[in-house]
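Colleague: Input: one structure, supplied below.
The values are calculated or read from the model by the stated rules, or taken from the named source; none is laboratory data. Remember, it's a predicted structure, so these values are computed and weren't measured experimentally. As a convention, Cβ positions derive from the backbone with ideal geometry for all residues, glycine included, and neighbour counts pool all protein chains shown. For the accessible areas, the whole protein counts, side chains as well, though only heavy atoms, and no ligand, DNA or RNA atoms are used. Shrake-Rupley method; radii C 1.70, N 1.55, O 1.52, S 1.80 Å.
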Amino acid sequence: MSYLSVTDADRDAMLAEIGVSSVAELFRDIPAGVRYQQALAVAPALPEAELQRHFEKLAAKNVVDEICFLGAGVYDHYVPAVVDAVLQRGELLTAYTPYQPEMSQGVLQAIFEYQTAICELTGLDVSNASGYDGTTVAADACFVARHHTGRSKVVLAETLDPQVRQVVKTYAPGFGMAVVEVPHSGGTTDPALLAAASRDAAAVIFQQPNAFGCLEPAPALAAAAAEAGALPVAHVDLASLGLLEAPGAYGCAMAIGEGQSIGNHQSYGGPHYGFLAARGEFIRRMPGRIVGETTDLEGRRGFVLTLQTREQHIRREKATSNMTTNQTLLALAGLITMCWLGPEGLRELGETCLALAAYAKERVPLPPAFDRPTFKEVAFRTPIPAGEVVTRAREHGVHPGYPLGRDYPGLDDVLLVAFTEKRTPADVDRLAEVLAEVCS
């Protein structure tokens, strides 16, 4: 709460009501040996006006005028004003899980439309009502594959986002699954290496575009996985699907990803929303919940929670997810943005990112680290450690990108630079000037 007017008299009255003489007495059953015996190092309370000035001083330390080319999974895309205008409506902003369809038709229909949009973009049959984020939906996909195939191995391309790989590795022991990683070959995944690793695998997960910004030979990877009897799973960027082929069109069983790039601000890394779409045959194994369309006794169109596979709804051993939450509000922000863009707008968004990245390859005085096609991120080779390039460039008011060496040993001299529609050719020119100076 932003304001609590609790006086000492109020506190004494509450203590008396429950039969104790002090706040300390509330904790009398906690052994002294585990209590913190010293005073907390907390500054004395401030008057409201002084506290306001204190927070303004802290806020002033934030850098707000940098030109930012940081990406690596979370991107500075434009969020239209209509998103907040719609989401701040009380029936959406304060809505809880729509267990009672007669009271929740608006929210249920919005989720249904979200599912429809995700299916259209991914080229698959069914989508759930959203996932917690773009990492946990990868673990969910592995569990679906484990149930469907009866196999206990999952194959991850090394070019899959490092955080996604880590979350899958964290979940895998609980699923009784082993994780095998396929190293990259010059920035992308070799279908032959993937095929060899996919024998006896339940699922194969690759990313398009990948964590280096490169475009994978996605159809060949999906075919290699399917030939081995594994389910091909593509981790995709929604912002790319106005240009790139839909995962369902090149044979993927599931498409997953982080939806942040459509409709969500960066928000210091989250929260955002994950999405999971699949072929119709997996509908009863999908995690979370699915909203369906029906008719009532009078023949009127209506919406209900059709399937709910969380452990709070069905017997634990039959559940496909132990998460009892998702990101409905943020997923609806994605729906609003998709509707606002439309098919042509989504295509133009992708073309803008693609064109800026191509322009940057001409202007930036650094060689690309990988000789591969890209979408909106380009990895450049730096003459000094990329982390040092970032530090130096920020002194000039430019955040030049993400040093890949943080996640990939041996790539300390590679800088991953993201180009969204919010950057301009003038911004790219400024980036080129700064990199020329700090790398000389």
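Colleague: So, of the residues in the range 53-67 that are part of a loop (DSSP other than H, G, I, E, B) and in contact with a Gly (Cβ under 7 Å, 6 or more places away or on another chain), which turns out to be modelled with the highest pLDDT?
Modeller: If we take residues in the range 53-67 being part of a loop (DSSP other than H, G, I, E, B) and in contact with a Gly (Cβ under 7 Å, 6 or more places away or on another chain), then Glu66 is modelled with the highest pLDDT.
Colleague: Taking the residues in the range 160-174 that are of a type outside the set (Ser, Thr, Tyr) and surrounded by fewer than 18 Cβ atoms within 10 Å (Cβ to Cβ) as candidates, determine which candidate is farthest from Ala145 (Cα to Cα).
Modeller: Pro162
Colleague: From the residues in the range 223-239 that are more than 24 Å from the chain's Cα centre (by Cα) and aliphatic (A, V, I, L, M), which one is nearest to Asp190 (Cα to Cα)?
Modeller: The selected residue is Ala224.
Colleague: Here is a further query. Can you tell me which residue in the range 290-342 is modelled with the highest pLDDT, limited to those that are assigned to a loop (DSSP other than H, G, I, E, B) and buried (at least 19 other Cβ atoms within 10 Å of the Cβ)?
Modeller: Gln327
Colleague: Could I ask something else about it? I'd like the residue in the range 415-440 that is in contact (Cβ under 8 Å) with a residue 60 or more places away in the chain and of a type in the set (A, V, I, L, M) and, out of all such residues, is nearest to Gly187 (Cα to Cα).
Modeller: The extreme case among them is Leu416.
Colleague: While we're here: Being over 18 Å from Tyr273 (Cα atoms), open to solvent by less than 80 Å² (accessible area, probe 1.4 Å) and in a loop (DSSP other than H, G, I, E, B) is the filter here, so list the residues in the range 68-97 that pass it.
Modeller: If the condition is that a residue be over 18 Å from Tyr273 (Cα atoms), open to solvent by less than 80 Å² (accessible area, probe 1.4 Å) and in a loop (DSSP other than H, G, I, E, B), then Phe69, Leu70 are the ones that fit.
Colleague: If you check Ala196, Ala211, Ala225, Ala192, which single one turns out to be outside any loop (DSSP other than H, G, I, E, B) and either among the hydroxyl-bearing types (Ser, Thr, Tyr) or surrounded by 20 or more Cβ atoms within 10 Å (Cβ to Cβ) (or both)? Reasoning before the result, please.
Modeller: Values: Ala196 fails: either among the hydroxyl-bearing types (Ser, Thr, Tyr) or surrounded by 20 or more Cβ atoms within 10 Å (Cβ to Cβ) (or both); Ala211 fails: outside any loop (DSSP other than H, G, I, E, B); Ala192 fails: either among the hydroxyl-bearing types (Ser, Thr, Tyr) or surrounded by 20 or more Cβ atoms within 10 Å (Cβ to Cβ) (or both).
Result of the check over Ala196, Ala211, Ala225, Ala192: Ala225.
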